[in-house]
Amino acid sequence: MELLQVENLSFRYPKAEQNALEEIGFSVESGEFTLLCGPSGCGKTTLLRLLKKELAPVGEKSGQIIYQGAPQEALEDAGAIGFVQQNPESQIVTDKVWHELAFGLENMGVPTEVIRRRVGEMASFFGIQGWFRQKTDELSGGQKQLLNLASVMVMQPNLLILDEPTSQLDPIAAADFIATLQKINRELGLTILLAEHRLEEVFPIADRVLILEKGRILLDDDPRKIGPRLSELRPNHPMLHALPSAVRIWQGLNIAEPCPLTVREGRDFLERHFTSRAETLPTSEIPEAGETAVELKNVWFRYEKDLPDILRGVSLKVYRGEIFCVLGGNGVGKTTALNVIAGLDRAYRGKVLIGGKPIREYKGSALYRNNLALLPQNPQTVFVKDTVRADLSEILETMEIPKKERAARIQAVADRLGISDLLDRHPYDLSGGEQQKSALAKVLLSEPKILLLDEPTKGIDAFAKQNLREILRELKQDGITVILVTHDVEFAAEAADRCAFVFDGEILSADPPQKFFAENNFYTTAANRMARGLWKNAVTCEQVIACCRAAGGRQ
Amino acid sequence: MKKWISYGVLCLLVPAVVLCGALLFPAKQYAWISFCVALLSCLPVFLQFEHKKVSTKRLILIASMTALSVLGRILFTPIPGFKPVTAMVVITALYFGSEAGFLTGSLSAVISNFWFGQGPWTPFQMFSWGILGMIAGLLAGPLKRSRILLAIYGALSGVLYSVLMDVWTVLWADGFFNLSRYFAALASALPFTAIYAVSNVIFLLLLCKPIGKILERVQTKYAL
Amino acid sequence: MKAFANVHPAVSMTYFLSVLLVSMFLSHPVLQAEALLGGILFCATLQKRGAALRDIGFYLPLFLMVAVTNPLFSHNGVTPLFFLNGNPVTLEAFLYGISLAVMVIGVLLWCKAYSEIMTSDKFLYLFGKAIPKLSLVLSMALRFIPAYLRQSRRVSRAQKAMGLYAGKNITDRVKNRMRVFAAMVSWSLENAMETSASMKARGYGKKGRTNFSLFRFRSADGVLLGVCVLLLAVPLVGAVAGITEFTYYPRVDNIETTPAALAVYTAFGLLSLLPFILEVKEALVWNYYRSKI
């Protein structure tokens, strides 16, 4: 049965010159898991919000949205379509978990006894019992998003719409969240329409994929057919880089066989067609140990006297002009280590040397002048003014750069990062990727020699990631040392000169990515997990493809 | 209908409560009456807000402005008396009207006292901040136009706040309006009154424009 | 610990209002002494020892200050103790000062206990029915504040790590706080609009909204409520009958010891000791069961 039908839908925002959506037409079957993807700014959010009339943006709309055979406007029950947004934090309304779960039912006027039951039922389905009476503020990001999902599910929707729900979560929480969605779809038969840009886990479980491009539907097909059809239609489409590793490797090899989606399928596919002739790839050389930019010697840190240690004797050397990635799970001390290097937190034992000089000897803002800068996880914390330009100009002002020079400097950094046309916009009106580039611009204006980045790939799409990688390369060429903390193994494998693994407040290893990931069994890229039986240190999709080509097919 | 019942109850119940209290507590009847007046003067605004249709955005806007002024009170805890609460209440009133100003003021008092401690002073703080917001809303036109008037309003509201709060101190301590204690209380609170007035002026002059700009932007962006 | 915290909010609210009503507005020395004693014992059960010691350090000087300053403003009374700048300092004014101090400290302690027991969720539950919209506003504001605090800390650290106003002098600090505060306004309002979307998506704004809570009214709560109302009624009746009237000027009254007056003292004494009694009972019962195991 068709649950939702969209016919000829076009939409234009007030004062906009172009339609945000152009003649969209598709339908969703009851029980289907549909994935909607496309580069940021393609109209995903606009489309999803139009499907939920309470959230529909203001503007000119034409065409029809039919829900359960009747026009959308006739739908009375606000709970029938559940909607989960991107930011886990801002969707929570009340201060207690139990109250948040009950909020929707209260709005519907459901009596207390019924609420008690439904809330109890949902809490146990989602495994919320353990934190049922907690304050919503005390939850982790993953828990918050799960709570948002549960408090929509309590209203017993027929259709669940999710707008990039995992973009603000770390990979482990994101995978948990996606697994929960799969469970809801399988066990409750709920229809799901999900917009995502991280496709590795979602692609294999979707029944259908829609690709949106500039407000139009480019493709609407089975996930196995999306890859080949997309590369046929648009050989340079940015979405091609966002597809799961198995699909990308399969495409690079051009073998006439159904497209693999998961790591398992990808590994079977590789092993069917290739044998390894060389045990390993030649390892890229260990970068020459040049001048030391940052050094930690046996650093210990805890937040308060009575709290446990976060860092337990971290020692580390980062060389000038190196891109150094710090990897590790949640709460192992990655970000704390970065904050200690940035001088925001003080180690109570051990030495921190910046440019060979102990960090304590930098007085006032000397540490941050033309020396070291940190780009925090959330770029929104960087902006305090009402245009990007004003924010950029502020930092030059404190550096006492004469007024005449400021405009030229701002233009130079804007050109370099490709944000010239964003300068007069309000920072909050930009997309996640644009915000990050603007924040980076502000940080770069202080002309740092050492750049620290905290989770720079969080919440940005594949295209913006690629862009960031190129920017980091350029900075490296200028001799800037980059230390970045990330969860994103794929990004680290492609961008880093060296990777370090942090666990339990210590650095366990620090090696070039190929060596680093070859020695990990689980904590490694999807491409490596597929190919490691053949070429242990083929880490990125490109490397796997190159190995396969060099080895030649079995047949 | 329901609305009229609640107003009716109010009209009968409120005087009854005040009267009974005055009879029961002859020694402290003025303290009792002033307590009731402070608390009950908030009721009409609250009830009016409850009974009319309020958009979700406006509701949440008041919640945010309240949270922000409490945040200000917490952020500036190290400097006693130097708080942006009154300034935030006034700014809210200037851009979103008297009612929003009153609500932000009185709710800020209730909520910040969850952190700083509830007490018999809570209703007086509710009333004082509320009324300062309400008046600012009524004077929104001139206050927005002239920075001098804004500064004067800030200084006066610092003084008014002290004057109002001390009325309670005296009535509660002596059971009647003991003028010499009132002056003594005002005198001993003088340094604080000065800080209130100065901080209000500083915060209003520094924050009114940038925050006003932000509020105007949000108003247009989200069609408030 | 905190047997009283598990009582139904309606009961604990009634209880606090009763005690505060009497201790704030009936100025009889016996009742005030009882309120102070009850307040001290109640707060003692709510706190750790260290905090209690710190409290003594705060309340004792306050007590002395209130007690000593009264005779300086008030020269009523007929028994001068000595003269200061030509003004008499009277015994009556001195005693009134002490009673004032007892009242102020007593009320402060009860307010402290109130803040400890009447957490925001109980407060919201009680007012949720009468003022649903405002109680939702309160609930949201309470949820926003810790989030805003966290974000403002992040913003100020981010600014520091870019070398903006990283200095330690007072202008840099105040300037930095101001900038962070203004930035927080932007951030919070943008987020608030997402919250409003999430509310609308879950059907907020329809007629006939209900109020859900986890609190249950148990029979023990009913009993406690009855006891509380009964114990409050006695001093109120006493007030009507004029038993609780007590004047300090021009001459200090004698404390009445008629049976009616004793009944009033006993009733209010029990009322103000109620939480402490509950606490002790709970502890005894608990120990008894533990010893059985």
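The values are calculated or read from the model by the stated rules, or taken from the named source; none is laboratory data. All values reported here derive from a predicted model rather than from experimental measurement. Cβ: placed from backbone, ideal geometry, glycine included. Neighbour counts: every protein chain shown. With ligands, DNA and RNA removed, areas are computed over all heavy atoms of the protein, side chains included. Shrake-Rupley method; radii C 1.70, N 1.55, O 1.52, S 1.80 Å.
Taking the condition at pLDDT 90 or above and either surrounded by fewer than 21 Cβ atoms within 10 Å (Cβ to Cβ) or within 14 Å of the chain's Cα centre (by Cα) (or both), does A:L475 pass?
Here the answer is yes, as A:L475 does meet what is asked.
Can you confirm whether region A:54-63 contains a residue that is under 27 Å from A:I460 (Cα atoms), within 14 Å of chain C (Cβ to nearest Cβ), in contact with a helix residue (DSSP H, G or I) (Cβ under 7 Å, 6 or more places away or on another chain) and assigned to a loop (DSSP other than H, G, I, E, B)?
Checked region A:54-63: at least one residue is under 27 Å from A:I460 (Cα atoms), within 14 Å of chain C (Cβ to nearest Cβ), in contact with a helix residue (DSSP H, G or I) (Cβ under 7 Å, 6 or more places away or on another chain) and assigned to a loop (DSSP other than H, G, I, E, B).
Any residue at all in region B:50-64 that is within 30 Å of C:T247 (Cα to Cα), open to solvent by 60 Å² or more (accessible area, probe 1.4 Å) and part of a helix (DSSP H, G or I)?
So far as region B:50-64 goes, no, none of its residues is within 30 Å of C:T247 (Cα to Cα), open to solvent by 60 Å² or more (accessible area, probe 1.4 Å) and part of a helix (DSSP H, G or I).
Yes or no: C:K112 within 14 Å of chain A (Cβ to nearest Cβ) and either under 18 Å from the mean Cα position of the chain (by Cα) or open to solvent by 10 Å² or more (accessible area, probe 1.4 Å) (or both)?
When the stated conditions are applied, C:K112 does not pass them.
Go through region B:23-44 and report how many residues are more than 10 Å from every other protein chain (Cβ to nearest Cβ) and assigned to a helix (DSSP H, G or I).
Total meeting the criteria: 9.
C:A130: among the aliphatic types (A, V, I, L, M), more than 7 Å from every other protein chain (Cβ to nearest Cβ) and either within 28 Å of B:E99 (Cα to Cα) or out of contact with any strand residue (DSSP E or B) (no Cβ under 7 Å at 6 or more places or on another chain) (or both), yes or no?
Considered against the rule, which asks whether it is among the aliphatic types (A, V, I, L, M), more than 7 Å from every other protein chain (Cβ to nearest Cβ) and either within 28 Å of B:E99 (Cα to Cα) or out of contact with any strand residue (DSSP E or B) (no Cβ under 7 Å at 6 or more places or on another chain) (or both), C:A130 comes out as yes.
Of these, A:R346, A:R369, which one is among the charged types (D, E, K, R) and touching a residue at least 60 places away in the same chain (Cβ under 8 Å)?
A:R369
Out of C:F215, C:F181, which single residue is surrounded by fewer than 18 Cβ atoms within 10 Å (Cβ to Cβ) and in contact (Cβ under 8 Å) with a residue 24 or more places away in the chain?
Of C:F215, C:F181, the one residue that is surrounded by fewer than 18 Cβ atoms within 10 Å (Cβ to Cβ) and in contact (Cβ under 8 Å) with a residue 24 or more places away in the chain is C:F215.
If I ask for residues that are open to solvent by 50 Å² or more (accessible area, probe 1.4 Å) and either within 14 Å of chain B (Cβ to nearest Cβ) or among the small types (G, A, S) (or both), which ones from region C:227-251 would you list?
Selection gives C:V234, C:V237, C:V240, C:A241, C:E245, C:T247, C:Y249.
Filtering region B:55-71 down to residues that are at the interface with another protein chain (Cβ under 7 Å from one of its Cβ atoms) and of a type in the set (S, T, N, Q), which residue is nearest to C:K206 (Cα to Cα)?
B:T56
Let me spell it out: the conditions are (1) buried (at least 18 other Cβ atoms within 10 Å of the Cβ); (2) in a helix (DSSP H, G or I); (3) at pLDDT 90 or above, and A:V93 meets all of them except one. Which number is the exception?
Result: A:V93 fails condition (2) only.
Inside region A:501-555, can you point out the residues that are closer than 19 Å to A:I483 by Cα, open to solvent by 50 Å² or more (accessible area, probe 1.4 Å) and under 24 Å from the mean Cα position of the chain (by Cα)?
A:F503
Output the residues belonging to region A:353-371 that are at the interface with chain C (Cβ under 8 Å from one of its Cβ atoms) and crowded, with 16+ Cβ neighbours inside 10 Å.
A:S365, A:L367, A:Y368, A:R369
Quick check on A:D424: is it of a type outside the set (S, T, N, Q) and more than 18 Å from C:S186 (Cβ to Cβ)?
Against the criterion (of a type outside the set (S, T, N, Q) and more than 18 Å from C:S186 (Cβ to Cβ)), A:D424 does not qualify.
It is to be established whether one or more residues within region A:427-448 are open to solvent by less than 50 Å² (accessible area, probe 1.4 Å), within 12 Å of another protein chain (Cβ to nearest Cβ), farther than 21 Å from A:L367 by Cβ and more than 17 Å from the chain's Cα centre (by Cα).
The answer is yes; a qualifying residue exists.
Could you list, in sequence order, the residues of region B:203-218 that are touching a residue at least 60 places away in the same chain (Cβ under 8 Å) and either open to solvent by 20 Å² or more (accessible area, probe 1.4 Å) or under 18 Å from C:A67 (Cα atoms) (or both)?
Matches in region B:203-218: B:E216 only.
I'm trying to understand the selection: among the residues of region A:3-31, which are farther than 17 Å from A:P57 by Cβ and surrounded by 19 or more Cβ atoms within 10 Å (Cβ to Cβ)?
A:L3, A:L4, A:V28, listed by residue number.
Would you please list the contacts, defined by Cβ atoms under 8 Å and residues six or more apart or on different chains, that run from a residue in region C:57-72 that is surrounded by fewer than 16 Cβ atoms within 10 Å (Cβ to Cβ) to a residue that is not in a helix (DSSP H, G or I)?
Qualifying pairs under 8 Å: none.
(1) more than 24 Å from the chain's Cα centre (by Cα); (2) in contact (Cβ under 8 Å) with a residue 40 or more places away in the chain; (3) more than 29 Å from A:H273 (Cβ to Cβ): which one isn't true of A:G459, the others all being true?
All conditions are met except number (1).
Among the residues of region C:159-178, how many are open to solvent by 20 Å² or more (accessible area, probe 1.4 Å), in contact with a Phe, Trp or Tyr (Cβ under 8 Å, 6 or more places away or on another chain) and not charged (D, E, K, R)?
Count: 1.
Confirm whether C:G203 is assigned to a loop (DSSP other than H, G, I, E, B), under 30 Å from A:L367 (Cα atoms) and at the interface with another protein chain (Cβ under 7 Å from one of its Cβ atoms).
Against the criterion (assigned to a loop (DSSP other than H, G, I, E, B), under 30 Å from A:L367 (Cα atoms) and at the interface with another protein chain (Cβ under 7 Å from one of its Cβ atoms)), C:G203 does not qualify.
For region C:136-158, give me each residue that is more than 10 Å from chain B (Cβ to nearest Cβ) and either within 22 Å of the chain's Cα centre (by Cα) or open to solvent by less than 20 Å² (accessible area, probe 1.4 Å) (or both).
C:V155, C:A158, listed by residue number.
Please determine, by comparing only the residues of region A:96-132 that are under 30 Å from the mean Cα position of the chain (by Cα) and in a loop (DSSP other than H, G, I, E, B), which one is surrounded by the most Cβ atoms within 10 Å (Cβ to Cβ).
Here the answer is A:I128.
Of a type in the set (G, A, S) and within 22 Å of C:L100 (Cα to Cα), is that true of C:S291?
Criteria not met by C:S291.
Here are some conditions: (1) modelled with pLDDT of 90 or more; (2) at the interface with chain A (Cβ under 9 Å from one of its Cβ atoms). C:V185 meets all but one. Which one does it not meet?
(2)
Spot the failing condition for C:L224; the list is (1) more than 7 Å from every other protein chain (Cβ to nearest Cβ); (2) modelled with pLDDT of 90 or more; (3) open to solvent by less than 20 Å² (accessible area, probe 1.4 Å); (4) touching a Leu at 6+ places or on another chain (Cβ under 9 Å), and only one is missed.
Of everything listed in (1) more than 7 Å from every other protein chain (Cβ to nearest Cβ); (2) modelled with pLDDT of 90 or more; (3) open to solvent by less than 20 Å² (accessible area, probe 1.4 Å); (4) touching a Leu at 6+ places or on another chain (Cβ under 9 Å), C:L224 misses just condition (3).
Please give the strands (runs of 3 or more DSSP E) falling wholly within region A:1-49 in which 3 or more residues are in contact with a helix residue (DSSP H, G or I) (Cβ under 8 Å, 6 or more places away or on another chain) and closer than 16 Å to A:L194 by Cα.
Qualifying strands (runs of 3 or more DSSP E): A:33-37.
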